Amino acid sequence: MPAVCAQIVKNEAFKQVESAFSKALGKGDLFSAFNNDKYFIFPGFCDVHVHFREPGFFYKETIKTGSLAAAHGGFTSVCAMPNLNPVPDCRENLMLERSIIDIDAAIHVFPYGAVTTGELGEELSDMEAMAGKVIAFSDDGKGIQDPGLMREAMQRAKALNKIIAAHCEDNSLLEGGYIHKGSYAAAHGHKGICSESEWRPIERDLKLADETGCAYHVCHISCKESLDLIRDAKKSGVNVTCETAPHYLILDENDLQEDGRFKMNPPLRSPEDKAALTEGILDGSIDMIATDHAPHSAEEKSKGLVGSAFGIVGLETAFPLMYTKFVRSGMMSIEKLLELMCLNPVKRFRIPAERSFTVWDLDSEITVNPDEFLSKGRATPFAGMKLFGRCKATVCNGKTAYIDD
């Protein structure tokens, strides 16, 4: 590429990105905006765990607003979870969601199919009818309690060459909790969620994945025990990957405030858990960063830790958070961060990324301001935090999805 063009961090993804960017530069607007050595070009980021709420809950988020928020955050591919209305548990319901994606999505949005009918955990969905139109299967938001049902789901997913992505939660261990069962909960009289409610189902599922040969992906791990189990399973040859989110790497229970923007599921855990997860992303035991972008209305997030809905938004802050806290601090290289946010998820979920890239000013300091989000959701525990990294443009499949004015 010409020397005047933006800098490129080299890795295997850039063979196609360089060509695409060269073509885009010749179209005028991008050339005038980025005709210098100030900016960095990255392959479009990929988030395998988002909630876009449509159909069914468009007051929280829509395919349009969610995908625009993703583009603002540098993402060109996202995988949308199935806790919708109607739930995509059959071809008819799935095609309703896909029709909205085809019309409104600013980037690539790949839907999940539900593992069970209605995500009720009682009987399996019509997985065969949906297999060609979904990225994977998940009942995210709800743990599958029946081990026999999970075994059958894994067997069918294996036959279809699809991943089972699991929200791991043992309902019998929740005991009405809504934050981590730790020092903050004890000091402030809150009901806690124990770590065992997460790692116990992972332990069960890893055995089932080993037995069935299913490709298994663990969503949003938050505690040390979960990581230890997954690390050991990988060493023994189980076909498993996992993700964690920026909030579990940057915050812990000591950062909690009596505010709904600090309530998510799984919850912020202990400092020891945060340290273990950090070690996991550095040594490769954790494969990818996902946001679990989960927008809610202002009213739903206004009822403190006790009454607010679970979930925060994350697409528009994920890269600046990870870049500032891990790359600028010297804890990891930018190439490693790109593996976590692009290369590994794309490879695992077999996501096409042709002609898709994002351009960043890494020296620009920003203050996280939810009022500037393109998402309908505003709940973030990082509001007011100063970070580095401003997205200047995102191009998906050769088309500009976002450009900074």
Practice task
With runs of 4+ DSSP H residues as the only contributors, calculate the mean residue ellipticity of the chain at 222 nm using -39,500 (n - 2.57) per run, divided by the residue total and rounded to the nearest 500.
Solution key: -9000 deg cm²/dmol
Exercise for the section: Relative to the longest principal axis of the C-alpha atoms of the chain, give the angle of the C-alpha long axis of helix 196-212, reported between 0 and 90° and rounded to the nearest 10°. Expected result: 80
Exercise for the section: Under 13 Å Cα to Cα from LYS162, which aspartates and glutamates show up? Leave out anything in the same chain fewer than 8 places away. Expected result: GLU128
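First select every other residue whose beta carbon is under 11 angstrom from the beta carbon of ILE250; then total the charges, Lys and Arg +1, Asp and Glu -1.
Working: positive: LYS274, LYS325; negative: ASP252, ASP255.
Result for the neighbourhood of ILE250: 0.
Normalising by the residue count of the stretch 44-355, find the relative contact order in percent from Cα pairs under 8 Å and 6+ residues apart. Walk me through the numbers on the way to the answer.
On the way: 661 pairs, mean separation 52.5, N = 312.
So the answer I get is 17 percent.
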Exercise for the section: Taking the dipole about the Cα centre of the chain, with the C-beta of Lys and Arg at +1 and of Asp and Glu at -1, give me whichever of LEU227, ALA383, SER183 is farthest to the positive side. Expected result: ALA383
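Cut-off is 10 Å between beta-carbons; in what order do SER356, SER195 appear when sorted fewest neighbours first? Walk me through the numbers on the way to the answer.
On the way: SER356 29, SER195 22.
With the sparsest Cβ surroundings first, the list reads SER195, SER356.
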Practice task
Rounded to whole Hz and in sequence order, give me ³J(HN,Hα) for the stretch 279-285 from the Karplus expression 6.51 cos²θ - 1.76 cosθ + 1.60, θ = phi - 60°, writing x for Gly and Pro.
Solution key: 4, x, 6, 6, 8, x, 5
Handout entry: Check: the stretch 44-355 dipole with +1 on Lys, Arg Cβ and -1 on Asp, Glu Cβ, in debye
Key = 620
Handout entry: Helix 147-160 vs. the chain, principal-axis angle (Cα, 0 to 90°, nearest 10)
Key = 40
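Which net charge results when you count Lys and Arg as +1 and Asp and Glu as -1 among the other residues whose beta-carbon is under 13 Å from that of ARG378?
Numbers: positive: LYS60, ARG261, LYS301, LYS376; negative: GLU61, ASP259, GLU299, GLU300, GLU316, ASP371, GLU372.
It works out to a net charge of -3.
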Handout entry: Fluctuation leader among SER197, SER236, SER333 - the chain, Gaussian network, Cα springs under 10 angstrom
Key = SER236
Exercise for the section: Treat the count of other C-beta atoms within 10 Å as a stand-in for reagent exposure and order THR241, THR367, THR400 from fewest to most. Expected result: THR367, THR400, THR241
Problem - Filtered trypsin sites (Lys or Arg not before Pro), the stretch 161-191: DSSP coil and at most 14 other beta carbons within 10 Å - result: LYS191
Handout entry: Estimated inter-spin distance, ILE334 and GLU258, nm [label 7 Å along Cα→Cβ]
Key = 4.4
Handout entry: Candidate lysines - alpha carbon under 22 Å from LYS392, same-chain residues fewer than 8 apart omitted
Key = LYS10, LYS15, LYS23, LYS27, LYS38, LYS64, LYS325, LYS336, LYS376
Handout entry: Span per principal axis, largest first, for the Cα atoms of the chain (Å)
Key = 59, 50, 43
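Can you tell me how much longer the chain between ASN161 and THR367 gets when fully stretched, taken as 0.36 nm per residue apart minus their C-alpha distance, in nm with one decimal? Don't jump to the answer; show the numbers that get you there.
Working: separation 206, 0.36 × 206 = 74.16 nm, distance 4.31 nm.
So the chain would gain 69.9 nm between ASN161 and THR367.
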Exercise for the section: Would you order GLU203, GLU169 from fewest to most other beta-carbon atoms within 10 Å of each residue's own beta-carbon? Expected result: GLU203, GLU169
Fill in the blank from the handout: Taking alpha-carbon centroids only, the stretch 228-268 lies from the stretch 94-157 a number of Å equal to 23
Exercise for the section: Evaluate the distance, in nm, between pseudo-label points positioned 7 Å from the Cα of LEU173 and of ASP232 along their respective Cα→Cβ axes. Expected result: 1.3
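Just so you know, all these numbers are worked out from the coordinates, no wet-lab data involved. The model shown is predicted, which means the values in this text are computed figures rather than measured ones. Counting neighbours? That spans all protein chains shown, and the Cβs are built from the backbone with ideal geometry, glycine included.
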